[in-house]
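Enquirer: Got a structure for you, written out below as structure tokens; questions coming shortly.
The values are calculated or read from the model by the stated rules, or taken from the named source; none is laboratory data. Because the structure is predicted, anything quoted here is derived from the model rather than measured. We place every Cβ from the backbone using ideal geometry, glycine too, and count neighbours over all the protein chains shown. We work out accessible area using only protein heavy atoms, side chains counted, and drop any ligands, DNA or RNA first. Shrake-Rupley method; radii C 1.70, N 1.55, O 1.52, S 1.80 Å.
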Amino acid sequence: MDNLILSSLKKCILFSKFNDNEIATCLSSIDYLIKNYFKNEMPAIEDDICSSIGIVLAGNVEVQKIYESGKSLTLASLNCGKIFGEVIIFSNKNTYPSTIIASEKSEIMFIPKESILKLCRENSIFLNNFMTLLSNKILMLNKKVKTMSYQTIRQKLANYILDEHTLQKNIMIKMAYSKKQLAEQLGIPRPSLSRELINMKNEQLIDFDKNTIKILNIKGLEELLWS
């Protein structure tokens, strides 16, 4: 087994508790396929049948919703070790709801449903890792539903900042996304996001620079959620 592949799989939650030999043993007992993609190639297109999970071994892929007008919305960006298809593969409607597109030259390992089931049956650590993966995805989706429930840009942004404050346990929030990516995550136009950040800064709720947001008034941010 290629050392680079083993190194990449260790970054994947499914194999994070395995050593090199254990990963190699797991893979030797199942079917899998490794494919390479150039920038803008699509490993999966919306409405394709999902029969395998994909693990990004190298590069980066994006989950995009592409509309008839040609416009697209990036829903997620997946780098080395990240997975796609893990929820869809076991659903009754096992088709991709969005398109997976390589944003740069990428390498992906595909593990079919039958192999996933075999690893879950035969390896309790893998089963636990897979359950953790699904649980994390449910929590993330619940968080997105919560964000969508807020009506205004200000409420969505305040909710994001407060969630990150809870997660990072700091009033100085390190941004996990660029402004463009954050706007897409919150489902709002980027200019509106920038304008609201400036408004909140002028009202001394927050301060910010390129990569950080500093909370100046937690109570004020919380009150925005109920206004």
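Enquirer: Being in contact with a helix residue (DSSP H, G or I) (Cβ under 7 Å, 6 or more places away or on another chain), at negative phi and of a type in the set (D, E, K, R), is that true of even one residue in region 9-20?
Expert: Scanning region 9-20, I find at least one residue that is in contact with a helix residue (DSSP H, G or I) (Cβ under 7 Å, 6 or more places away or on another chain), at negative phi and of a type in the set (D, E, K, R), so the answer is yes.
Enquirer: Quickly run through region 68-105 and pick out the residues that are part of a loop (DSSP other than H, G, I, E, B), more than 26 Å from residue 10 (Cα to Cα) and open to solvent by 50 Å² or more (accessible area, probe 1.4 Å).
Expert: 68, 69, 70, 71, 92, 93, 97
Enquirer: Select from region 192-203 the residues that are free of Cβ contacts under 8 Å to residues at least 24 places away in the same chain and either among the acidic types (Asp, Glu) or open to solvent by 80 Å² or more (accessible area, probe 1.4 Å) (or both) and list them in ascending order. Break it down into steps so the answer makes sense when it comes.
Expert: Pass one, region 192-203, residues free of Cβ contacts under 8 Å to residues at least 24 places away in the same chain: 194-195, 198, 201-203.
Those that are free of Cβ contacts under 8 Å to residues at least 24 places away in the same chain and either among the acidic types (Asp, Glu) or open to solvent by 80 Å² or more (accessible area, probe 1.4 Å) (or both): 195, 198, 201, 202, 203.
Enquirer: Go through region 57-74 and give me each residue that's touching a helix residue (DSSP H, G or I) at 6+ places or on another chain (Cβ under 7 Å) and under 17 Å from residue 186 (Cβ atoms).
Expert: Let us first name the residues in region 57-74 that are touching a helix residue (DSSP H, G or I) at 6+ places or on another chain (Cβ under 7 Å), namely 57-58, 73-74.
Within region 57-74, 73, 74 meet the criteria.
Enquirer: Quick check on region 24-56: of everything there that is assigned to a strand (DSSP E or B) and open to solvent by 40 Å² or more (accessible area, probe 1.4 Å), which residue is nearest to residue 7 (Cα to Cα)?
Expert: Looking at the filtered set, the residue picked out is 34.
Enquirer: I need a count of the residues in region 204-218 that are open to solvent by 40 Å² or more (accessible area, probe 1.4 Å), out of contact with any Asp or Glu (no Cβ under 7 Å at 6 or more places or on another chain) and closer than 15 Å to residue 158 by Cβ.
Expert: 5
Enquirer: For the structure I just gave you, tell me whether residue 59 is in contact (Cβ under 8 Å) with a residue 40 or more places away in the chain, crowded, with 16+ Cβ neighbours inside 10 Å and more than 24 Å from residue 132 (Cβ to Cβ). It would help to see each step written out before you state the result.
Expert: Values: in contact (Cβ under 8 Å) with a residue 40 or more places away in the chain: yes; crowded, with 16+ Cβ neighbours inside 10 Å: yes; more than 24 Å from residue 132 (Cβ to Cβ): yes.
Yes, satisfied.
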